[in-house]
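Below is one structure, written out as structure tokens, with a few remarks after it.
The values are calculated or read from the model by the stated rules, or taken from the named source; none is laboratory data. A quick note: this is a predicted structure, and the numbers were derived from the prediction, not measured. Here the Cβ is made from the backbone with ideal geometry for all residues, glycine too, and neighbour counts use every protein chain on show. Each accessible area value is taken on the protein alone, full model and side chains, heavy atoms only, with ligands, DNA and RNA left out. Shrake-Rupley method; radii C 1.70, N 1.55, O 1.52, S 1.80 Å.
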Amino acid sequence: MSVLSEKVTKIVLPLEGCRVIDFGWVWAGHACGQMLADLGAEVIKIESGKQLDPARQGRPIFGDEPDPDQNPLHHNVARNKLSVAINLKTAQGKEIVKRLVAVSDIVVENMSPHALRDLGLSFDDLREVKRDIIMISYCLAGQYGPSAEVRGYGPTVSSLSGLDSVVGYPGQPAIGTHHAYGDPNVGLHAAFAVLAALHKRDLTGEGEYIDLSMWEAMLSTMGLALMDYAMNGVAPEPCGNTHPFAAPHGVFPCQGEDEWVSITVRSDEEWAGLRRALGSQSWSNDERFADQVGRLRTRDELNARVADWTSGQGKMAVATLLQAEGVAAAPCLSVSDRLIDEQLSARDVYVFIEHPRLAGEPVFGSPLKFSETPVTEFRHAPLLGEHTAEVLGRVIGMSAEEIELLTEQGVLV
Amino acid sequence: MYSDEQPHSERTIINDEKRYGPLHGLRVLELGGMVPVPYVGKLLSSFGAEVVKVEPPEGDPARRYGPFPNDEPDPEKSGLFLYLNTDKSSVTLNLRSRGGRRMLDELLPHYDVILDDFVPAVRAELGYDYEAVRRCNTRAISLSITPFGLTGPRAHWKAYEDTISAHSGLTMYSGLPSREPLTYPFFLSEYQAGVAGAVGVMAALHARDRGRQGQHIDLAIVDAIAGYHLGVSLIQYVFGRRTWHRQGRQARGGPYPNVILKCKDGDYRLIAQTKREWKRFLHLMGDPAWGEDPRFQDRLKMNERYGDELDTLVGSWLTSYTKQELFEMCIENAVPFCPLKTIPDVFADPHLAVRGAFVQADHPRAGLLQYLASPFKMRNSVTAIRRTAPLLGADNPRLYENDLGLRNGDLVRLRAMGVI
């Protein structure tokens, strides 16, 4: 059943003992394995210099020479993983993959539909070497359907899901987004699914194949929009930072270049708090602002007044002052803010690790804070093929000579 | 059960409890409302776990959020609640009453997973912390999801979704450079924390199955976004590389194209990392002469210097075609561009129909509605919606008898005392 031959009584990380074969590529493909690796699974990334993952390409962090070990995205999402170089186009390469799968629990992939099948490494192929293997495929639109062959990038999912059509200023055409929201989103959903399947396998001995599309994983996080249309036929429109029952509400300008604070007032109690923070500004006495209905009716004027007040102050000062009065407010943090922010630092949201190419670098840590099995170790993203010899020797007993020969033959490259 | 090729379009509600999900047998107590904790519960329940919502007597706040049919508020017809709480039971419990707080302690031993969204002030008020849970159940996995987490100088800060988005850094990512940045809508950040929390729960269960006891997981929504979504930007910043700054519908920092342009009936996203993709698109446009312009060969420079001009050239071709026409052409020619679908487009999408992405379900008060089906298509398990969202407290009799041996007379008394 399980690859564990005995129960480990005092495991240190929650997923210790779990082995994952990871074919994931680009951000989305890395995100699932990253979760599992952080949590202590042995995540073996199968990759090849012959068909270099775009996540290892692009402008290097330092200098101008292309370097597969200097992509900042890769440094973040490949951390804690092991890299084994295998050329999947070779027959021996496929055999080695199968030998690895035979002693693994989970396989993760996000190639285009049928790509692994064409390589002879589909779920049905792998099940022959490991009867209870758990495998997930999570490409853009899933394994089947009229648009299954769609190509795209992270932001594609935001467009296909309807999210982009709603991001914009009130009454203005959609602006859309350029952040690849769908990538970490699908990675998280995929990690959940394979761990749930693993849970079932531990009880029943049965493996599982999961087909998850990035598109539907994204839709899964948009319940509010979908339900409004399903119930009322209402299609949401760009509404900026307005809210149906909050006023004042929005993102307000502060002192400095591109500095903003988010403020939300939803109740009379919160309005009273805002008024206390405003101090001597008598405009807030106005009867029209006294209750929720009145504030919603006068929201434009209210927001303009608040903006006047915030413009003269730093965003952190405004947020701190408002929070002291029980009002939900926060500075809109920029990347430089996030690096030094005291709350994010206290939570180890970012950690500094060493990488052979860069000495010290910041990568994101683990937001999941476990009381008994804390996640505190972050090993640098592997160099391409860094662990080929170590893994193949330890996990499937290949000799150093055999590994050297296969490398020369272009199999382990 | 389902082969790769079988279309899921005919899937409806599965009423056969024998087709078990992967988490059948797992018992989950859900002490949280709105989005983050209920999304954990929804993921677990969709995989077959038994999820019991413990709602305050006035109900989960999501019951008051909407949307509502015809905009008529009704705590049994809130769209957000209906979506997030499929396959769950509901009991009411007033945790602020002594009797209610005691009943919670009596329930805890019966559950594998306890989910809460209690911020530090609420934890103090209720006398609820992991130690209190552990005393009742040493094997329970206790997950707390709060805006800032339970530690840190701002753990006491008040937050709604926009507050969280701002502090995570996500708000700065979208909008026009000349105007205020735009928050993401629809509680997206809250869903991220939910799914991350679900991963944490499964990992903790894995540890528990291997000799560990229960434990606590403290998860901040801000951390989930600032980390998983926006962590990448820090290396670039620290090493003096260009970092992202919002530019409206365009992104000029990388190769051309990376922009949203108008087409005949809406908006279209053009994004191509590789030269080959760009060439395929030029070919799709009939290889216009301007494609050979020496100014338009270095795709980084052409984006930076001539982006607007190129947008006009490309745009004039795009406006001859609809979103759907373009989408089909792009797929056929392996061009990675796509339409900005609207929500109505999504409901009508033929690919999603074949995927069985939407399913009809009948709710006793809200009636027949279309719901998004579970996105996980599994070979050996079912993750379909089995039951629509529960009516408030509908499971009081069944659950309180099952777990605590209470009878109808007890419940009448407890209700009169304001405990349930």
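For the stretch A:1-121, give the magnitude of the charge dipole about the Cα centre (Cβ charges: +1 Lys/Arg, -1 Asp/Glu; no others), in debye to the nearest 20. Could the numbers behind the result be given before it?
On the way: 14 positive and 15 negative charges, 62 e Å.
Rounded to the nearest 20 debye, it is 300 debye.
Using the reciprocal of the averaged 1/r over all distinct C-alpha pairs, how large is the Kirkwood radius of the stretch B:240-348 in Å?
Working: mean 1/r = 0.0694 Å⁻¹.
Kirkwood hydrodynamic radius for the stretch B:240-348: 14.4 Å.
Scan around B:Ile141 for amide H atoms under 5 Å from its own, H built in the peptide plane at 1.01 Å from N, and keep only partners 5 or more places away or cross-chain.
Residues meeting the amide H criterion: B:Val113, B:Ile114, B:Gln215.
Suppose R0 equals 56 Å. What FRET efficiency, 1/(1 + (r/R0)^6) with r the Cβ-Cβ distance, do A:Thr407 and B:Asp362 give to the nearest 0.05? Intermediate values should be presented prior to the final figure.
On the way: r = 61 Å, r/R0 = 1.09.
About 0.35, to the nearest 0.05.
Based only on the alpha carbon positions, what is the Kirkwood hydrodynamic radius of the stretch B:332-390, in angstrom?
That comes to 13.8 Å for the stretch B:332-390.
Kirkwood-based Rg over Rh for the stretch B:88-178 (C-alpha set), two decimals?
Answer for the stretch B:88-178: 1.10.
Quick one: Debye curve from the alpha-carbon atoms of chain A only, equal weights, vacuum; give me log10 I(q)/I(0) at q = 0.10, 0.13, 0.15 Å⁻¹ to two decimals.
The Cα Debye sum returns log10 ratios of -0.82, -1.16, -1.38.
Give a residue-ordered list of calculated ³J(HN,Hα) values for the stretch A:279-295 (Karplus: 6.51 cos²θ - 1.76 cosθ + 1.60, θ = phi - 60°; whole Hz; x for Gly, Pro).
x, 7, 6, 6, 4, 6, 5, 3, 4, 5, 9, 5, 10, 4, 4, x, 5
Out of residues 5 or more away from A:Glu259 or on other chains, whose amide H comes under 5 Å of its own, with H placed 1.01 Å from N in the peptide plane?
A:Cys254
With unit charges on the beta carbons (Lys and Arg positive, Asp and Glu negative) and the dipole taken about the Cα centre of chain A, which residue among A:Pro248, A:Leu339, A:Phe352 sits farthest to the positive side?
Result: A:Pro248, furthest along the dipole toward the positive end.
Which value results when the Cα radius of gyration for the stretch A:24-92 is divided by 2.2 N^0.38 Å?
Numbers: Rg = 12.4 Å, N = 69, 2.2 N^0.38 = 11.0 Å.
This ratio for the stretch A:24-92 stands at 1.13.
About the Cα centre of the stretch B:154-229, how large is the charge dipole given +1 on each Lys and Arg Cβ and -1 on each Asp and Glu Cβ? Please answer in debye to the nearest 20. If you can, show how the numbers build up before the last one.
Numbers: 6 positive and 7 negative charges, 52 e Å.
My answer is approximately 240 debye.
Counting only the backbone N, which residues of the stretch B:256-282 are under 15 Å from the spot 7 Å out from the Cα of B:Arg305 toward its beta-carbon?
What the label zone holds, given the 15 Å backbone N cut-off, is B:256.
Going out from 0 in 20 Å bins, what whole percent of all Cα-Cα distances in the protein assembly as shown drops into each bin?
15, 50, 31, 4, 0
Bin all alpha-carbon pair distances of the stretch B:151-308 at 5 Å intervals from 0 and give each bin's fraction as a whole percent.
The percentages, shortest bin first, are 1, 7, 11, 14, 14, 13, 11, 9, 7, 5, 3, 2, 1, 0.
Principal axis extents for the stretch B:294-420, Cα atoms only, whole Å, descending order, please.
The principal-axis extents, from largest down, are 85, 31, 29 Å.
Taking each pair of different alpha-carbon atoms in chain B once, compute 1/r for the pair, average those values, and report the inverse of that mean as the Kirkwood hydrodynamic radius in Å to one decimal. Intermediate results must be reported in sequence, preceding the final value.
Numbers: mean 1/r = 0.0408 Å⁻¹.
Roughly 24.5 Å, rounded to one decimal.
Please compute the modelled spin-label separation between B:Cys136 and A:Glu237, points set 7 Å along Cα→Cβ, answer in nm with one decimal.
With each label point 7 Å from Cα toward Cβ, the separation is 4.9 nm.
Over what distance in Å are the Cα centres of the stretch A:47-88 and the stretch A:348-413 separated?
12 Å
Test of the criteria: in the stretch B:128-223, which trypsin sites (Lys or Arg not before Pro) are in a DSSP loop and have at most 16 other Cβ atoms within 10 angstrom of their Cβ? Please list the in-between numbers first.
On the way: sites: B:Arg134, B:Arg135, B:Arg139, B:Arg154, B:Lys158, B:Arg179, B:Arg208, B:Arg210, B:Arg212; in loops: B:Arg139, B:Arg154, B:Lys158, B:Arg179, B:Arg210, B:Arg212.
Those that pass, being in a loop and sparsely packed, are B:Arg139, B:Arg179.
Simple spin-label model, 7 Å along Cα-to-Cβ: A:Trp283 to B:Arg179 in nm?
2.1 nm
Structure shown: which of A:Lys94/B:Lys275; A:Lys81/B:Lys53; A:Lys369/B:Lys53; A:Lys94/A:Lys130; A:Lys130/A:Lys200; A:Lys10/A:Lys200 lie over 26 Å apart, alpha-carbon to alpha-carbon? Mind showing how you got there, number by number?
On the way: A:Lys94/B:Lys275 30 Å; A:Lys81/B:Lys53 37 Å; A:Lys369/B:Lys53 24 Å; A:Lys94/A:Lys130 15 Å; A:Lys130/A:Lys200 16 Å; A:Lys10/A:Lys200 22 Å.
From A:Lys94/B:Lys275; A:Lys81/B:Lys53; A:Lys369/B:Lys53; A:Lys94/A:Lys130; A:Lys130/A:Lys200; A:Lys10/A:Lys200, over 26 Å: A:Lys94/B:Lys275; A:Lys81/B:Lys53.
Apply 1/(1 + (r/R0)^6) to the Cβ-Cβ distance of B:Arg295 and A:Ala115, taking R0 = 30 Å, and write down the FRET efficiency to the nearest 0.05. Before the final figure, lay out each step's value.
On the way: r = 37 Å, r/R0 = 1.22.
About 0.25, to the nearest 0.05.
With a 1.4 Å probe, what is the total accessible area buried between chains B and A, in Å² rounded to the nearest 100?
Working: alone 22060 and 21500 Å², together 29700 Å².
Interface between B and A: roughly 13900 Å².
Would you mind checking which residues have amide H under 5 Å from B:Thr383's amide H? H placed 1.01 Å from N; only 5 or more apart, or other chain.
Those qualifying (amide H under 5 Å, at least 5 residues apart or on another chain) are B:Met378.
How high is the FRET efficiency from A:Ala102 to B:Val412, r the C-beta distance, R0 41 Å, rounded to 0.05?
Values: r = 61 Å, r/R0 = 1.48.
Efficiency, rounded to the nearest 0.05: 0.10.
Once Lys and Arg get +1 and Asp and Glu get -1 on their Cβ, which of A:Ile263, A:Asn185, A:Ala174 lies farthest toward the positive end of the dipole of the stretch A:151-301?
So the residue we want is A:Ile263.
Through the Karplus equation 6.51 cos²θ - 1.76 cosθ + 1.60, θ set to phi - 60°, convert the phi angles of the stretch B:160-169 into ³J(HN,Hα) values in whole Hz; use x for Gly and Pro.
So the J values, rounded to whole Hz, are 10, 4, 5, 4, 4, 4, 5, 6, 7, x.
Summing +1 for each Lys or Arg and -1 for each Asp or Glu, what net charge is found among the other residues whose Cβ lies under 13 Å from the Cβ of A:Glu259?
Details: positive: A:Lys315; negative: A:Glu257, A:Asp258, A:Asp337, B:Glu180.
Counting the neighbours of A:Glu259, the net charge comes to -3.
At 222 nm, what value in deg cm²/dmol follows for the protein assembly as shown if DSSP H runs of at least 4 each add -39500 (n - 2.57) and the sum is divided by all its residues, to the nearest 500? Spell out each step's value before the answer.
On the way: 33 runs with 305 residues, N = 833.
One gets -10500 deg cm²/dmol as the mean residue ellipticity at 222 nm.
Which whole-Hz couplings ³J(HN,Hα) result when phi for each residue of the stretch B:69-75 is put into the Karplus expression 6.51 cos²θ - 1.76 cosθ + 1.60, θ = phi - 60°, listed in order with x for Gly and Pro?
Result, ordered by residue: x, 6, 6, 9, x, 7, x Hz.
Report, in whole Å, the centroid distance computed from the Cα atoms of the stretch B:246-273 and the stretch B:92-152.
Taking the Cα centre of each part, the stretch B:246-273 and the stretch B:92-152 sit 47 Å apart.
For the stretch B:53-160, what is the charge dipole size about the Cα centre, in debye to the nearest 20, if Lys and Arg each add +1 at the Cβ and Asp and Glu each add -1 at the Cβ?
Numbers: 15 positive and 16 negative charges, 90 e Å.
Using Cβ point charges on Lys, Arg, Asp and Glu, the stretch B:53-160 gives about 440 debye.
Viscosity 1.306 mPa s, temperature 10 °C: what is the translational diffusion coefficient of the stretch A:120-262 from Stokes-Einstein with a Kirkwood Rh over Cα pairs, rounded to a whole number of µm²/s? Can you show the working numbers first?
On the way: Rh = 18.2 Å.
The diffusion coefficient I find is 87 µm²/s.
May I ask which residue of B:Gly127, B:Tyr65, B:Pro75 lies farthest towards the positive end of the charge dipole of chain B, with charges of +1 (Lys, Arg) and -1 (Asp, Glu) on Cβ and the Cα centre as origin?
The listed residue farthest towards the positive side: B:Gly127.
What is the average number of partner chain Cβ atoms found within 10 Å of a Cβ in A:235-245? Spell out each step's value before the answer.
Details: counts 6, 5, 2, 2, 2, 6, 10, 1, 5, 3, 3.
Partner-chain Cβ atoms within 10 Å, mean over residues of A:235-245: 4.
Suppose each label sits 7 Å from its Cα in the direction of the beta carbon; what would the A:Arg276-A:Lys50 distance come out to in nanometres?
6.9 nm
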